[in-house]
Amino acid sequence: MCGIIGVTGRPSAVADIVAGLRRLEYRGYDSAGVVAQAGDRLGVVKRAGKLDRLVEALDGSPLEGAVGIGHTRWATHGAPNDENAHPHLDPTGRVAVVHNGIIENYRALRAELDGAVFASETDTEVVAHLVARELDASDGPDLLEAVRRVVGRLEGAYALCVMSDREPGTIVVARQQAPLIVAARDGVGFCASDVAALIEHTDTCAALLDGQIARVRAGAVEVVDADGAPAEPDTYRVDWDLSAAEKQGYEHFMLKEIHEQPTAVRETLLGHDDGAGNVLLDDLRIDPAVLARVDKVFILAAGTSLHAGMVGKLAIEHWAGVPVDVEVASEFRYRDPIVDARTLVIAYSQSGETIDTIAAAEHARDQGAPVIAVSNVVGSTLARMADGVLHTRAGPEVAVASTKAFTTQIVAGLLLGLYLAQRRDRLFPSEAADVLERLAVLPDLVRRVVEDDAAIVAAAERFRDVGYTMFIGRHGGLPIAYEGALKLKEVSYLHAEAFPAGEMKHGPIALIEPGALVVAVAPDDHVFPKLVSNVQEVRARGAAVLAVATEGSRAALEPHADVVLTVPDAPLELATPVLTVLPLQLYAYHVAVLRGADVDQPRNLAKTVTVE
Ligand code: G6P
């Protein structure tokens, strides 16, 4: 996590850096800082807290310079205070560093610098010390060479931006398991954690690959590998513009992104239907014969993506008839998963940068498994390492709480289920054509739900202070129960948990007492009668019940629930989760707003988690 940006060759680099940090703040917001060079010295301003605190400080003491680097932090080593805020400098103030990642051997490196005085508790500061020492070496290396020597000694994950007063106008960057892009345009050079930070300047960038180091100067970028030999980064274009990364009149990004779901779902469905009952997944690039032979699937993911993966499991097992395990990515590689060339791994990640998910996918690939990435970010690390990609087309998601990425991931899972079924001769074209035709109405159904939230607002007002909420569901409703609980705790900080409805009687029901709230995800599906019994069990014990129904289940639920939020009937049962999650996203949003929480930047969280 942490967001980093560098700009060189602009009259006032600091203004561009602050604007870029604003778009990177979703990566962490414990502190922010900037360093710029004017004349022959580096000037630094950094503050604990959100970016606005840095902006206030810069108003009081403006920083000039045509070159600079900036950072927004999600704290790992050291408290989120001014001292630990990046940039970090060497003791002479001549080298400045910003960093995303963790330098795992920083203690050993610090110990080597006998007698050096450190100004922070961070793992990063030692890099500034080491680069400064290299620059003083008798053979007089330039900044690129000094950084190359230092990163050769680092263990862990890093995206680093380094500048020195000895080479005005130059920024040197290095990447190892943390995203970093570079770009040059119209006499300006840029580097950043992701393209969102640069979108007002360019839509074409190059992602550095692990081990690469780049020298960024005004209008020019030069990339070398770990040995210093010229190297090629991975150049790509993004197909969205600045307006996609702005709030466009919505009070919060989360609300804007909830409302973007009709378009996001439509875009994700687009182009995958050949009109003759064949699902087209052009970027998959995996030999159909390999997919036909698969005898087991692992879906690996974290957070909201994990819940989308749970729906993917239902679709793949139903249509393709192959067993699927959904695994928390951070657990997968530390046990002994049984993986071989007949195992297919599908890694879901909105950002494509979650280190746990990437590492788990790499672990499986090392054992011969083909890997498919379901990612929302073109050119992401996961998309590049995978054998094949299915891009969700949600557009940039900025709010920390994921919404439109989730519904598009579910759609992607449905497409994958159909595609695998066809590779395995389990579905006739006429059957697939029927499913695709039904799915085509989903965007309009999504629109109907998100455009009418009056009943959801009323529910949020009624239950806003309930201290404990239990979410329950079965089958396709269970992933939505998990996701509903996650949304509520993420943005409102209320205690929420989800359970399979049938498991309640084995323990969780002991938590129910008068005053508790149970949210039941209760669409009109084949497990609905069982779920109604579970709802009655909690109601009998004094819980209030908020039910999410479909039109087909509403009447049967009304006698058993205090509030029923209704979504349209889905065109097929497996697509129902795309609709039932919507009221729960809006419910969490409105509860959080009513409670005065910081919806887009919840405490302690970050959107892209690039540390283990
Ligand atoms: C973080 C975010 C979540 C997200 C998860 C996985 O925890 O706060 O919203 O679901 O990471 O992110 P990914 O980019 O891999 O989908």
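How about region 155-175: which of its residues are within 21 Å of Ala359 (Cα to Cα), buried (at least 22 other Cβ atoms within 10 Å of the Cβ) and either out of contact with any strand residue (DSSP E or B) (no Cβ under 6 Å at 6 or more places or on another chain) or not aromatic (Phe, Trp, Tyr) (or both)? Result: Ala159, Leu160, Ala174, Arg175. Reported count of residues in region 528-572, each being more than 19 Å from Leu445 (Cα to Cα) and in a helix (DSSP H, G or I), is 19.
Filter region 334-351 for residues that are in a loop (DSSP other than H, G, I, E, B) and near the ligand (Cβ under 7 Å from one of its atoms); which is modelled with the lowest pLDDT? Filtering region 334-351 for residues that are in a loop (DSSP other than H, G, I, E, B) and near the ligand (Cβ under 7 Å from one of its atoms), the one modelled with the lowest pLDDT comes out as Ser351. Find the residue count for region 124-173, including only residues that are of a type in the set (Gly, Ala, Ser), in contact (Cβ under 8 Å) with a residue 40 or more places away in the chain and over 16 Å from Thr92 (Cβ atoms). Looking only at that region, the number is 5.
If the condition is being modelled with pLDDT under 95, buried (at least 24 other Cβ atoms within 10 Å of the Cβ) and among the charged types (D, E, K, R), then region 371-420 contributes only Glu397. For region 24-32, the criterion of a residue being basic (Lys, Arg) and touching a helix residue (DSSP H, G or I) at 6+ places or on another chain (Cβ under 7 Å) is satisfied by no position. Out of Phe463, Phe499, one residue alone is surrounded by fewer than 24 Cβ atoms within 10 Å (Cβ to Cβ) and over 21 Å from Val567 (Cα atoms). It is Phe499. Within region 352-398, restricting attention to residues that are of a type in the set (D, E, K, R) and in a loop (DSSP other than H, G, I, E, B), the residue that is farthest from the ligand (Cβ to nearest atom) is Asp387.
How many residues are within 17 Å of Ala496 (Cβ to Cβ), within 16 Å of the ligand (Cβ to nearest atom) and either of a type in the set (A, V, I, L, M) or without any contact (Cβ under 8 Å) to a residue 40 or more places away in the chain (or both) when one looks only at region 582-610? Within region 582-610, residues that are within 17 Å of Ala496 (Cβ to Cβ), within 16 Å of the ligand (Cβ to nearest atom) and either of a type in the set (A, V, I, L, M) or without any contact (Cβ under 8 Å) to a residue 40 or more places away in the chain (or both) number 7. Taking the conditions (1) modelled with pLDDT of 95 or more; (2) in a helix (DSSP H, G or I) in turn, Ser243 satisfies each one other than (1). If you go through region 516-544 and keep only what is crowded, with 20+ Cβ neighbours inside 10 Å and either farther than 19 Å from His475 by Cβ or among the small types (Gly, Ala, Ser) (or both), you end up with Leu517, Ala520, Ala522, Ala543. Taking the criterion of being surrounded by fewer than 24 Cβ atoms within 10 Å (Cβ to Cβ) and either within 13 Å of Ala496 (Cβ to Cβ) or at pLDDT below 95 (or both), the residues of region 471-486 that qualify are Tyr482, Leu486.
The values are calculated or read from the model by the stated rules, or taken from the named source; none is laboratory data. All values reported here derive from a predicted model rather than from experimental measurement. No Cβ is skipped: glycine too gets one built from the backbone with ideal geometry, and neighbour counts run over all protein chains shown.
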